[in-house]
Amino acid sequence: EESKITDLDEYSKTPSVYLDPTVPNTGDTVVITALIHNLSLSPTSSGVNVQFYLGDPTSGGTLLHDVNGNSLFSTQDIIEDQNYTRVKMNWVANFSPGDRIYCLIDPENELAENREDNNLGWTPVQRFSPGCSVISGMENHRFPSSVNVNRLKIFPNPARGVINLSYSGPSFQEGSISLVDMNGVTLKTIPVSDATALASLQINTSGLHPGSYLVILTAKNYVQHSRLVIF
């Protein structure tokens, strides 16, 4: 059996762990979600346990507790072969700039796995600050606090395959749609001439790993963004 966070080298950043809201403040109740994958050809023998840490657990990271005091979470049911499930916790945020949330799968090494070195992954607590991006690779994308992110909608969402966009914001000329992962890497950019062209745009997401992404509309003096979840 093999459960892991997809495409994760040990201790590396991963889009399979994400926070809601993506830009929390201290004191906010944050939903931390981890996508737990079983990439083997047989189901797991049981549910998979997960713990979350503020900081690297191998270097003194702090074990996180949810709003009810729980610190050990589980998929409950088995994970079928070549499948995944979500584990979530509600955390009252208390962090410093630059802190990371780590997800540790199978902390007691209870599962017999093909690999034991791919069960730890992290995500920054704050991917970008309110008002502007601070992620490498996204320096040209700015997110004013007044932006109504609901004007750019994605369907289906969550998705696997082709996605469509709908837009209810002001008209624009000569814009672009970018697909950006949560590491700040722009995966593709598609020019759009106006809002009408945007309404007929389809984006093929085949080949993307499960996790969260940003779909960003950029036009002159105007930015809209919405979160896309790939499963």
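Give the separation of the Cα centroids, region 185-217 to region 73-90, in Å.
28 Å
Can you compute the modelled spin-label distance between residue 160 and residue 204, with each label point 7 Å from Cα toward Cβ, in nm?
Computed distance between label sites residue 160 and residue 204 equals 1.8 nm.
Within region 181-198, what residues put their amide N at less than 13 Å from the label point 7 Å along the Cα-to-Cβ vector of residue 151?
Zone members listed by number: 195.
How many nm separate the modelled label positions at residue 168 and residue 46, each set 7 Å beyond the Cα in the direction of the Cβ?
If labels sit at residue 168 and residue 46, their model points lie 4.8 nm apart.
Could you give each residue of region 50-58 its phi-based ³J(HN,Hα) in whole Hz, using Karplus coefficients 6.51, -1.76, 1.60 with θ = phi - 60°, and x for Gly or Pro?
Working through the residues one at a time gives 9, 10, 10, 10, 9, x, 5, x, 7 Hz.
Normalized C-alpha radius of gyration of region 13-89, against 2.2 N^0.38 Å?
Working it through for region 13-89, the quotient is 1.20.
Once amide H atoms are placed 1.01 Å from N in the peptide plane, what residues at a sequence separation of 5 or more from residue 126, or on another chain, have their amide H within under 5 Å of its amide H?
Correct list: 98.
Could you work out how far apart the two model spin labels at residue 92 and residue 109 are, taking each label as a point 7 Å from the Cα in the direction of the beta carbon, and quote it in nm?
Each label point lies 7 Å from its Cα, and together they span 3.5 nm.
At a Förster radius of 41 Å, what calculated FRET efficiency corresponds to the Cβ-Cβ distance of residue 188 and residue 80, to the nearest 0.05?
With R0 = 41 Å, the Cβ-Cβ based efficiency is 0.85.
For region 71-77, take each phi angle, set θ = phi - 60°, evaluate the Karplus expression 6.51 cos²θ - 1.76 cosθ + 1.60, and give the result in whole Hz per residue in order, putting x for glycine and proline.
Working through the residues one at a time gives 10, 10, 10, 9, 6, 6, 9 Hz.
Counting only residues 5 or more places away or on other chains, whose amide H sits under 5 Å from the amide H of residue 30 once H atoms are built in the peptide plane?
91, 92, 93
Check residue 61: other-chain or 5+ apart residues with amide H under 5 Å from its amide H, H built from backbone geometry?
56
Take region 48-100, drop everything but the C-alpha atoms, weight them equally and run the Debye formula without solvent; then report log10 I(q)/I(0) at 0.21, 0.24, 0.31 Å⁻¹ to two decimals.
Listed by q, the Debye log ratios stand at -0.85, -0.98, -1.24.
A short reminder: the numbers here are calculations on the coordinates, not readings from a lab. Here the structure is a predicted model, which is why all the values come from computation and not from measurement. All Cβ positions, even for glycine, are placed from backbone atoms using ideal geometry, and neighbour counts span all protein chains on display.
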